[in-house]
Amino acid sequence: MTKKKLIILLLLLSLISLLVGYEFLQDANNRGTEEVADTQNKTDRTINDLERRISSNYEDITLYFQLSDVYFQKVRETADLALYTRIDELMDQVETKGPENADIFATRAQVAAGKHDFVKALELGQKAVELNPTKPSYLGIVGDAQIELGKYEEAVESIQKMMDLKPSYSSFARTAYLREIYGDIDGAKEMLEKAISAGSPYPENIAASLVDLGKLQFRTDVEQATLTFNQALSVYSDFPPALAGLGRVSFAKEDYKGAIEYFEKALQILPIAQYATDVGDVYSKIGETEKAKLYYTLALTAYKKAESSGVNTDLETALFLADHDMDLSQALEKAQAVYKIRPDNIYVADTLAWVLNKSGKPKEAKTYSVQALRLGEFDPLILFHAGVIAGKNNNPEEAKRLLAKTRTLHPYFSMQYASLLSVL
Amino acid sequence: MKIKLIIMLMSIVKKFTHLVTREKYFIGLLLFLSLIALLMNTSVSASSHREAPNIAADPKADATDVYAFISPDKPNTVTLVANYLPFEEPAGGPNFYTFDDNVLYEIKIDNDGDAEEDIAYQFRFKTNIKNNNTFLYNTGPITSLTDPDWNMRQTYTLARVEDGKISKSTVLGKDLSTPPSNIGPKSTPNYESLQSAAIHTIGDVKVFAGQSDDPFFVDLGGVFDLLTIRTPPGNAGGGIDGLRGYSVQSLALQIPISQLTRNHETPTDSKNPAAVIGVWTAASRESVRILRDNGEIKNSGKWIEVSRLGAPLVNEVVIPLGKKDIWNSSEPENDAQFANYVADPEVAKLLNLLYGITVPPQGPFGSANQRDDLIAIFLTGIPNLTNSGVTKASEQLRLNVAIPPAGSPNRLGVLAGDNQGYPNGRRLADDVTDISLQAVAGAAYPLFHPSFTPDPLAAQLGDGVDTNDKVFRTSFPYLALPTSGFDSIPHP
C-alpha cells in the first residue's frame with residue numbers, strides 16, 4: 001500500500017472511531033436517565049436538588065458535604081472519575097469558610113481512596129478522627145485505608161470502634177470484608193446478610209452487598225449464587241457487577257456463549273478493564289484467541305486511561321499483564337512500585353509473587369508468596385499462586401496440597417485457571 | 001453495541017498488517033488506540049479491593065414521629081404510636097419495605113419524671129421465608145395472613161419491660177403477624193380486612209405493627225429551605241405537603257392508663273403529678289465483634305441505641321447537624337447537654353431575620369434570658385399541664401392522662417386553648433409544625449411572662465399545610481391505610 005493510501009485509511013478510521021466514540025460517550029452519560037427507572041434516578045435527583053440549593057445559598061456548608069456524599073454515590077454507579085474534580089472544587093470552597101472542619105478532611109480522604117492513594121487517605125482520615133473521634137463514618141474511612149495498606153489489626157480496631165458507636169450497614173459491610181480476609185466466610189456472609197437486611201436509601205448499595213454475598217456463595221453453591229445475583233438485578237436493574245457475576249456462573253456451567261453475553265452487557269454499561277478482561281478470558285477458553293487479544297488490548301487501554309485520570313492502577317495492571325503474558329517487565333515494575341508503598345497488603349505481596357513467577361523467578365516469588373499467606377491459607381487466588389510457585393520450586397507435594405485446597409475452597413475461582421485444577 | 005464496533009474496527013486495522021511495514025502498522029495502531037483511549041469512559045476496574053459505601057442513613061431504624069393521646073373512643077386508654085422508615089414509597093417492589101429483624105424497637109415511658117425509663121414495650125421482628133428458591137415477596141394473591149403465597153411474612157414478639165431490667169421482662173405476645181405491604185388489588189386484595197386481621201388484642205392491650213400512611217404533614221421543601229413560607233405568614237394554606245403519598249412502618253399500642261402511671265391508677269385531677277407520663281421511642285442494634293473466635297457462635301455485643309425520638313421536630317429544628325449522631329445515641333437523662341439549643345434557638349433568630357417578627361429575648365441555658373417557655377415545652381414539661389413535678393431536663397413527649405379527649409379538637413392544640421392537644425401529648429391531627437413555629441416566635445411566652453405581648457404575626461405563622469392528605473380513622477390504630485403500590489404515583 002502506498003503511503004498516501006495508508007494515511008487516507010488511517011484518517012478514515014479515525015473519523016469513524018470519533019463518531020463511534022462520541023455516540024459511545026453519550027450512551028455512557030445518558031445511562032442514568034435512559035435505560036434505568038426511578039431506582040437510580042434518586043441519585044441524580046438529589047444531585048440536581050443540592051446543586052440548585054447551593055447556587056442560591058452558598059453559605060450553608062452542610063449542603064456542600066451532602067452533595068459530595070451523593071457524588072461519591074454517583075461515582076459508585078458510573079465509575080466516572082471526573083466527578084472527583086467537582087468534589088475537590090466543593091471542598092476548596094468550604095475551606096475558605098473554615099479550614100479546620102473535620103468533614104473536609106474526611107471528604108478529601110475519600111477522594112484519595114477513590115484514586116487508590118491509600119497513604120494519603122489514611123493521613124487525612126486520621127486528621128478527621130482526631131477532630132471528631134466519635135463520628136462512625138470517619139472510623140470507616142480510616143479502617144478502609146488501613147485494610148488497603150495491609151494494617152489489618154489496626155483496621156479491626158478501627159471498625160470495632162465504628163461498630164461500637166453505631167452498628168449499621170456501613171459497619172456490617174466492612175466487618176464482612178475483614179472476616180473474609182481472615183478466612184471466616186460464614187461470618188462474612190452473616191454480616192452481608194445483616195447489611196442487606198438493614199437496607200440503604202440507595203438501592204445500588206444493597207445490590208452491591210448482594211453481589212458480594214453471591215460471590216461468597218459461588219464458592220460452594222452455584223445455584224444459590226445465581227439466585228443472589230438475580231436478586232441484585234431485581235433491586236438495581238442491569239447492575240454491572242451482578243451481570244458479571246452471572247457471567248462467571250454461566251462460565252462455571254460451561255455456557256460460554258451466555259457468559260460472553262453477560263460480560264458484554266456489563267462492559268457496555270460500565271466500560272472498565274475488568275469486564276473487557278472477562279470477555280477476553282471467555283474467548284480464550286473457547287479458543288478464539290484473536291478476539292480475546294482484542295479485548296485484552298481494550299482492557300489495557302482502559303487501565304492506561306484510568307491512570308491518566310489520576311488513579312493508581314499499578315496493582316490491577318501488573319496482575320493483568322502477568323496473567324496474559326503481556327509485557328512482563330512493565331508488570332514487574334508496577335508490582336514492585338506498589339509493594340514499595342504498601343508491602344503489608346497480602347494481595348500486593350501475592351501479585352508481586354505471581355509476576356516474579358511468570359518472569360521465571362520462582363525462588364524470589366516464594367518469598368512474597370509466603371508473605372501473602374501470613375494471615376492463613378484462606379484466599380483461593382493466593383493459594384493457587386502459591387501452589388504453582390511451589391511446583392516451579394520443585395516441591396510437587398506442596399504444590400498438590402495447595403492446589404487441592406484451592407479447589408476445595410472455590411473450584412471456580414478463576415476463568416483463566418480453573419481448568420488447571422480439574423486435572424487434580 | 002459500540003464496544004463491538006470498536007472491536008470490529010480494531011480487527012480491520014489488524015487485517016492490514018500484511019500490507020504495510022511493521023513500523024507503519026504500529027504507528028497506525030498507536031494512533032488508533034490513542035483515539036480509542038481518548039473516547040473511552042474514564043473509569044477504573046472495581047476489582048482488587050472492596051469499596052463499601054459509607055452511609056449515615058439507617059432507614060429502618062430511623063424514627064420519624066411519636067404520638068401519644070387519650071384514645072377518643074376509649075378514654076380509659078392511651079394510644080401510643082411510633083413510626084419508622086421515612087419516605088417509604090408505596091410502590092417499593094420487588095423488595096417491599098419491612099421492619100429490620102436485627103433492630104430492637106422500643107416505646108419507652110417515664111412516669112415519675114426522673115428522665116429514666118420505667119416501662120418499655122419492645123418489638124422484635126422475624127421474617128419467615130416460605131420458599132428459599134425465590135426472592136419474591138409474594139408468589140400469588142395474599143388472601144389471609146397465613147396464605148402460603150406470602151413468601152416473606154414478618155411476625156413479631158411484644159414484650160413489656162419494667163425499670164429497664166431484663167429480669168422484669170414479660171412476653172405479651174409471640175409470633176404476632178404484621179400485615180403485608182399494600183401492593184395492589186391482585187397481590188393484596190381487600191387490604192383493609194388484611195390489615196385488621198393484624199390488629200391483636202392481648203388482654204386489655206391492643207397492638208399493631210405494620211405499614212401505614214405517613215400521618216405527618218408538613219411543607220418539607222419550604223420549612224427546611226431556610227424556613228421558606230410559601231404564602232406568608234402561613235395561616236392561609238399554600239404549602240405543599242412533602243410527605244403526601246408516602247407510607248411508614250408503624251408501631252401502635254393501646255394501653256389502659258392504669259398500666260402506665262406511677263401509681264397504677266387512672267388519675268382524674270390534671271394537677272396530680274402522677275397524671276403526667278413522658279414517651280419516646282428508641283431503636284437499637286447489636287454491636288458485633290469484628291472477628292469471631294474460632295468456633296464461637298455468640299459474637300454479638302451490647303445493644304447500641306442508634307435512633308431516638310420524643311417530641312416532634314427536635315432533631316430537625318433544634319439539634320444542629322454536627323450533634324445529631326450524639327443526640328441519636330444518647331439517653332434523655334443526659335439531655336441537659338442540648339439545653340442551649342432550646343434555650344437560645346437559631347430558628348427564633350431566623351424568624352426575626354427573615355420575617356421581621358419580634359421574638360422574645362433569648363440566651364444560653366442558665367442565663368436570665370433563656371427561653372424558659374421552650375425549655376418547658378421540650379425539656380421539662382409545662383407547669384400545671386405536662387410537668388410531673390421534677391425539673392430534670394429531658395426531651396420527651398409528655399402527656400397528661402387526666403385531660404380527657406376534646407369534644408372539638410383544634411389542630412393548634414394548647415396555643416388555641418385546646419389543652420388536650422400538642423404539646424400535651426400529640427394527636428395525629430395536631431399541626432406540630434405551625435405550633436412549633438408559633439411557639440418559637442413567642443406565642444406561648446406569655447404563659448411564663450404575662451407582661452410580654454407576642455408579635456401579632458406569631459399566632460399566624462405556619463407552613464401552609466394544615467391537614468394530612470388522608471383522613472384518619474376513628475378506631476385503633478387510627479392511622480390511615482397506606483396507599484397501595486398499584487394506586488400510588490411514584491414521587492418524582
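Here, each number is a calculation from the coordinates, and none is a lab measurement. Please read all numbers here as calculations on a predicted model, not as lab measurements. Cβ coordinates were reconstructed from backbone atoms using ideal geometry, including for glycine residues, and neighbour counts include every protein chain displayed.
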Next on the checklist: What does the net charge come to around residue A:292 if you take all other residues with beta carbon closer than 9 Å to its beta carbon, with K and R at +1 and D and E at -1?
Outcome noted: 0
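Once you compute Rg and the Kirkwood Rh from C-alpha atoms, what is the Rg to Rh ratio for the stretch A:92-147? Don't skip to the end; give the middle numbers.
On the way: Rg = 10.5 Å, Rh = 10.9 Å.
Using Cα coordinates only, the ratio equals 0.96.
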Checklist entry - When Lys and Arg each count +1 and Asp and Glu each count -1, what net charge do the other residues less than 13 Å away from residue B:153, Cβ to Cβ, add up to? => result -2
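Once you have the Kirkwood Rh of the stretch A:109-267 from its Cα pairs, apply Stokes-Einstein at 25 °C and 0.890 mPa s and quote D in µm²/s. Write out the running numbers ahead of the final one.
On the way: Rh = 16.6 Å.
It diffuses with D of about 148 µm²/s by this estimate.
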Checklist entry - Using the alpha-carbon atoms, what tilt in degrees (0 to 90, nearest 10) does helix B:346-355 show relative to the longest principal axis of chain B? => result 90
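Taking the inverse of the average 1/r across all pairs of different Cα atoms in the stretch A:312-424, what Kirkwood radius in Å do you get? Write down the numbers at each step before the final one.
Details: mean 1/r = 0.0726 Å⁻¹.
Hydrodynamic radius (Kirkwood, Cα only) of the stretch A:312-424 equals 13.8 Å.
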Checklist outcome for this item: Computed on Cα atoms, Rg of the stretch B:111-187 relative to 2.2 N^0.38 Å comes out at 1.51
Checklist entry - Roughly how tilted is helix B:2-15, in degrees to the nearest 10 and between 0 and 90, from the longest Cα axis of chain B? => result 20
Item to check | Surface/4 estimate of mean projected area, convex hull on alpha-carbon atoms of the stretch B:380-488, nm² | outcome: 9.0
Checklist entry - When the helices in chain B are scored as -39500 (n - 2.57) per DSSP H run of 4 or longer and the sum is shared across all residues, what 222 nm value do you end up with, to the nearest 500 deg cm²/dmol? => result -4000 deg cm²/dmol
Checklist entry - Per 10 Å bin, what percent of the C-alpha pairs of chain A does each bin hold, from zero upward? => result 4, 18, 31, 28, 13, 5, 1, 0
Next on the checklist: Whole angstrom only: what separates the Cα centroid of the stretch A:114-174 from the Cα centroid of the stretch B:244-306?
Outcome noted: 31
Checklist entry - Under a straight-distance cross-link criterion of Cα-Cα below 24 Å, which lysines are reachable from residue A:4, leaving out those fewer than 8 residues away in the same chain? => result B:14, B:15, B:24
Checklist entry - Which of the aspartates and glutamates could a cross-linker span from residue B:392 if the Cα-Cα distance has to be under 17 Å and same-chain partners fewer than 8 positions apart are dropped? => result B:110, B:112, B:114, B:116, B:117, B:118, B:331, B:333, B:335, B:372, B:373
Checklist outcome for this item: Contour minus Cα-Cα span, residue A:340 to residue A:397, at 0.36 nm per residue, comes to 17.3 nm
Checklist entry - Quick one: net charge of residue B:81's neighbours, Cβ under 13 Å, K/R +1, D/E -1? => result 0
Checklist entry - Just counting partner chain Cβ atoms within 10 Å, what average do the residues of peptide A:297-309 show around their Cβ? => result 5
Item to check | At least 27 Å along the helix axis (C-alpha) and Kyte average at least 0.0, DSSP helices within chain A | outcome: A:3-34
Item to check | Cβ neighbours within 10 Å from other chains - mean over B:98-110 | outcome: 2
Item to check | D_trans [Stokes-Einstein, Kirkwood Rh over alpha-carbon pairs] for the protein assembly as shown, 4 °C, 1.567 mPa s, µm² s⁻¹ | outcome: 43
Next on the checklist: With the cut-off at 29 Å, tell me which of the pairs A:74/B:130; A:215/B:174; A:285/A:405; A:194/A:257 have Cα atoms farther apart than that.
Outcome noted: A:74/B:130; A:215/B:174; A:194/A:257
Next on the checklist: Please compute, for the alpha-carbon atoms of the stretch A:66-125, the extent along each of the three principal axes and give them in descending order in Å.
Outcome noted: 31, 24, 15
Checklist outcome for this item: Sorted largest first, the Cα spans of the stretch A:378-421 on the principal axes come out in Å as 26, 19, 13
Item to check | Angle between chain B longest axis and helix B:22-39 axis [Cα atoms, degrees, rounded to 10] | outcome: 20
Next on the checklist: Based on alpha-carbon centroids, what's the gap between the stretch B:56-121 and the stretch B:215-234 in Å, whole number please?
Outcome noted: 24
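Could you tell me which of rounded, prolate or oblate describes chain B, using a ≥ b ≥ c as the square roots of the eigenvalues of the alpha-carbon gyration tensor, with rounded for a/c under 1.5 and, failing that, prolate when a/b is larger than b/c and oblate otherwise? Please list the in-between numbers first.
Details: a/c = 2.08, a/b = 1.56, b/c = 1.33.
Taking the square roots of the gyration eigenvalues as a ≥ b ≥ c, chain B is prolate.
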